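Colleague: Dumping the structure here so I can ask a few things about it.
Throughout, read-outs are computed from the coordinates displayed, never taken from laboratory work. Just so it is clear, the model here is predicted, and its values are computed rather than measured. Using ideal geometry, Cβ is built from the backbone for each residue, glycine included, and neighbour counts are taken over all protein chains shown.
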Amino acid sequence: MTHSTHTISILGCGWLGHPLGRRLVEAGHQVNGSTTTPEKISTLQVDGIRPYLLRLTPELETAEAASFFDADVLFLNIPPDRTANDPVARYRTQVRAATEAAVQYGISWIVFVSATSVYPSAGQEVVEDDATPHSERARVLLEAERVVRESGCDYTILRYAGLIGGERHPGRFLAGRTQVAGGDARLNLIHQTDAVGVAQAVLTQEVRNDIFNVCAPEHPRREPFYQAAAKAVGQPPPTFDAATPRPNKVVNIAHLQECVNYTFEFPNPMQAVT
């Protein structure tokens, strides 16, 4: 990151945003971090993150917008609300409220957290150009991405694969289940350490105006992975029905590897559970 780009506002300091903020503070950057829960204010402060209580309901609700958005970069990390009556409209409004505030207060670059669910599971390898509105969740995310790309700011879209690590241990996902479909299907996962590391690398290297898949480079099969993961946390391993396939895709990260200098700590998600 150039010397001038040193204040980063993280809208959404949860599983990804909080450890990212901590890492950026350790690297010498000023970090503003938002939370919707007053109890988290002190935990952000302890890690050197300047805390803000901020909600998107779906419009922006905060008494401190001018201070929070006084930054060089907005790291926008809010998941769609699946329980909303109209998830597409609500999420679009939330993302637009955040991007309009970023523009209003002079932020020049928005890094937006999206997901690889923008790709259909049709048995193929997928690259960034393969996104389609094939489901409601894909439609919600692609519409939000479009809002960010058309905001007038520089943008970077990070499409994350399945998130594991921290409190999200995959050993509990399928533990004890029987006759699970798709034991041969390939997994698209990324460990928290690498999810944070890629985001930090993108910010530090100022990789702008692009879209990236963020996923571990290796794709273990579901059956051995979830069996090993369950055993690792002392849970009964799931059993799989070999006769029942499951729609599948493999997320390709060649574009990320070409454009961002980053070495994965968990290139194979199996390493995270064994």
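Colleague: Answer yes if at least one residue in the stretch 238-252 is out of contact with any Ser or Thr (no Cβ under 6 Å at 6 or more places or on another chain), over 23 Å from residue 16 (Cα atoms) and surrounded by 18 or more Cβ atoms within 10 Å (Cβ to Cβ), and no otherwise.
Modeller: yes
Colleague: Restricting the stretch 124-134 to residues that are surrounded by fewer than 20 Cβ atoms within 10 Å (Cβ to Cβ), in contact with a helix residue (DSSP H, G or I) (Cβ under 7 Å, 6 or more places away or on another chain) and free of Cβ contacts under 8 Å to residues at least 40 places away in the same chain, which is nearest to residue 253 (Cα to Cα)?
Modeller: 132
Colleague: With respect to residue 60, is the statement that it is surrounded by 15 or more Cβ atoms within 10 Å (Cβ to Cβ) and within 12 Å of residue 12 (Cα to Cα) true? Explain how you work it out, then say what you get.
Modeller: On the way: surrounded by 15 or more Cβ atoms within 10 Å (Cβ to Cβ): yes; within 12 Å of residue 12 (Cα to Cα): no.
Against the criterion (surrounded by 15 or more Cβ atoms within 10 Å (Cβ to Cβ) and within 12 Å of residue 12 (Cα to Cα)), residue 60 does not qualify.
Colleague: Going through 42, 67, 34, 121 one at a time, which residue ends up being surrounded by fewer than 16 Cβ atoms within 10 Å (Cβ to Cβ), touching a Lys or Arg at 6+ places or on another chain (Cβ under 9 Å) and of a type in the set (Ser, Thr, Tyr)? Full working, then the answer.
Modeller: On the way: 42 fails: touching a Lys or Arg at 6+ places or on another chain (Cβ under 9 Å); 34 fails: surrounded by fewer than 16 Cβ atoms within 10 Å (Cβ to Cβ); 121 fails: surrounded by fewer than 16 Cβ atoms within 10 Å (Cβ to Cβ).
Answer to the check: 67.
Colleague: Another one. With respect to residue 114, is the statement that it is in a loop (DSSP other than H, G, I, E, B), surrounded by 15 or more Cβ atoms within 10 Å (Cβ to Cβ) and touching a Lys or Arg at 6+ places or on another chain (Cβ under 6 Å) true?
Modeller: Judged against the criteria, residue 114 is not a match.
Colleague: Here's something else I'd like to know. Report, ordered by the first and then the second residue, all pairs with beta carbons closer than 7 Å, sequence separation of six or more or different chains, a first member in the stretch 30-58 that is charged (D, E, K, R), and a second member that is outside any loop (DSSP other than H, G, I, E, B).
Modeller: The qualifying pairs are 47/21; 47/22; 47/25; 50/31; 50/32; 50/33; 55/61.
Colleague: If you go through the stretch 70-97 one residue at a time, how many are more than 17 Å from the chain's Cα centre (by Cα) and either without any contact (Cβ under 8 Å) to a residue 24 or more places away in the chain or surrounded by 23 or more Cβ atoms within 10 Å (Cβ to Cβ) (or both)?
Modeller: The qualifying residues number 6.
Colleague: Inside the stretch 248-263, can you point out the residues that are touching a residue at least 12 places away in the same chain (Cβ under 8 Å) and not in a helix (DSSP H, G or I)?
Modeller: Result: 248, 249, 250, 251, 252, 253, 260, 261, 262.
Colleague: Further question on the same structure: Of all the residues that make up the stretch 77-109, how many are touching a strand residue (DSSP E or B) at 6+ places or on another chain (Cβ under 7 Å) and among the hydroxyl-bearing types (Ser, Thr, Tyr)?
Modeller: 2
Colleague: Checking the conditions here, which among 71, 66 is small (Gly, Ala, Ser) and either assigned to a helix (DSSP H, G or I) or more than 23 Å from residue 200 (Cβ to Cβ) (or both)?
Modeller: Result: 66 is the single residue among 71, 66 that is small (Gly, Ala, Ser) and either assigned to a helix (DSSP H, G or I) or more than 23 Å from residue 200 (Cβ to Cβ) (or both).
Colleague: Select, from 41, 78, the only residue that is more than 17 Å from residue 203 (Cβ to Cβ), assigned to a helix (DSSP H, G or I) and of a type in the set (Val, Ile, Thr).
Modeller: 41
The rows are residues; the columns are (1) of a type in the set (Ser, Thr, Tyr); (2) out of contact with any strand residue (DSSP E or B) (no Cβ under 8 Å at 6 or more places or on another chain).
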residue: 121; (1), (2): yes, no
residue: 125; (1), (2): no, no
residue: 135; (1), (2): yes, yes
residue: 145; (1), (2): no, no
residue: 155; (1), (2): yes, no
residue: 161; (1), (2): no, no
residue: 165; (1), (2): no, no
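Colleague: Which of (1) in a loop (DSSP other than H, G, I, E, B); (2) surrounded by fewer than 22 Cβ atoms within 10 Å (Cβ to Cβ) does residue 200 not meet, given it meets every other one?
Modeller: Against the list (1) in a loop (DSSP other than H, G, I, E, B); (2) surrounded by fewer than 22 Cβ atoms within 10 Å (Cβ to Cβ), residue 200 comes up short only on (1).
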